[in-house]
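> Quick one: the structure is below, questions incoming.
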Amino acid sequence: MKKKKNSAAVVVNRRAGYDYHLSDNLEVGMVLTGPQVRLIRDHHAQLRGTYVTIRNGELWLLGMTLGSETTENVKLLATKKQIGFLQRQKVSGMTVVPTKLLPLKRHIKLVIAVGKGKREYDKRQSIRKRDLDREGER
């Protein structure tokens, strides 16, 4: 009997929320090969240290680790309107950060967010707030 796979995110980039003030999520497709899809579905992917760039009017994901090796660039599928929006955000000093990989029925989608980098004191405030929330729950 086969086990049901949960529909939760396969991979979450938890570091992104710590390093950036995130806003404006977009869900985009990915151009992957069969073995890459299998590695992602089997939870052998990491988004830590990855970033999204725009080259020749196309979105590219750089630095994703699948299995034990870093893959070459992965093309992302988005509309021209979405790419134009992201390009305007990048020009204004924002960064495009991948946050989650979602396994849908036949496709694997990547959730990307626009973020502004946090300073060191912002990160300390985030840690302080998280600790206070934990104390409040106890």
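The values are calculated or read from the model by the stated rules, or taken from the named source; none is laboratory data. Owing to the predicted nature of the structure, the values given are computational and were not obtained by experimental measurement. Here the Cβ positions follow ideal geometry from the backbone for every residue, glycine too, while neighbour counts run over all protein chains shown.
> Which residues, counting only those in region 60-75, are under 17 Å from Thr33 (Cβ atoms) and touching a Gly at 6+ places or on another chain (Cβ under 7 Å)?
The one that is under 17 Å from Thr33 (Cβ atoms) and touching a Gly at 6+ places or on another chain (Cβ under 7 Å): Thr70.
> If you check Arg106 against the conditions, is it part of a loop (DSSP other than H, G, I, E, B), modelled with pLDDT under 90 and not acidic (Asp, Glu)?
Yes: the conditions hold for Arg106.
> Here's another thing I want to ask about it. Any chance you could count how many residues in region 75-103 are touching a helix residue (DSSP H, G or I) at 6+ places or on another chain (Cβ under 9 Å), at pLDDT 90 or above and more than 23 Å from Asp19 (Cα to Cα)?
1
Here is a yes/no grid of residues against (1) of a type in the set (A, V, I, L, M, F, W, C); (2) modelled with pLDDT under 90:
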site	(1), (2)
Asp24	no, yes
Glu27	no, no
Met30	yes, no
Arg41	no, yes
Thr53	no, no
Glu58	no, no
Thr65	no, yes
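> All but one of (1) under 18 Å from Val31 (Cβ atoms); (2) exposed (fewer than 14 other Cβ atoms within 10 Å of the Cβ) hold for Ile83; which doesn't?
(2)
One line per residue, one yes/no per condition, for (1) within 24 Å of Ile127 (Cβ to Cβ); (2) assigned to a helix (DSSP H, G or I); (3) of a type outside the set (Asp, Glu):
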{"position": "Gln36", "(1), (2), (3)": "no, yes, yes"}
{"position": "Gly49", "(1), (2), (3)": "yes, no, yes"}
{"position": "Leu59", "(1), (2), (3)": "no, no, yes"}
{"position": "Leu76", "(1), (2), (3)": "no, no, yes"}
{"position": "Phe85", "(1), (2), (3)": "no, yes, yes"}
{"position": "Lys90", "(1), (2), (3)": "no, yes, yes"}
{"position": "Leu102", "(1), (2), (3)": "no, no, yes"}
{"position": "Lys116", "(1), (2), (3)": "yes, no, yes"}
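> Can you tell me which residue is farthest from Ile40 (Cα to Cα) among those in region 70-112 that are polar (S, T, N, Q) and touching a residue at least 40 places away in the same chain (Cβ under 8 Å)?
Checking each candidate, the answer is Gln89.
> With the condition kept exactly as written, say whether any residue in region 32-39 is among the β-branched types (Val, Ile, Thr), crowded, with 16+ Cβ neighbours inside 10 Å, touching a residue at least 60 places away in the same chain (Cβ under 8 Å) and farther than 30 Å from Arg130 by Cβ.
Scanning region 32-39, I find at least one residue that is among the β-branched types (Val, Ile, Thr), crowded, with 16+ Cβ neighbours inside 10 Å, touching a residue at least 60 places away in the same chain (Cβ under 8 Å) and farther than 30 Å from Arg130 by Cβ, so the answer is yes.
For (1) within 15 Å of Leu26 (Cα to Cα); (2) of a type in the set (A, V, I, L, M, F, W, C), each residue gets a yes or a no:
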site: Arg55; (1), (2): no, no
site: Gln87; (1), (2): yes, no
site: Val97; (1), (2): yes, yes
site: Lys105; (1), (2): no, no
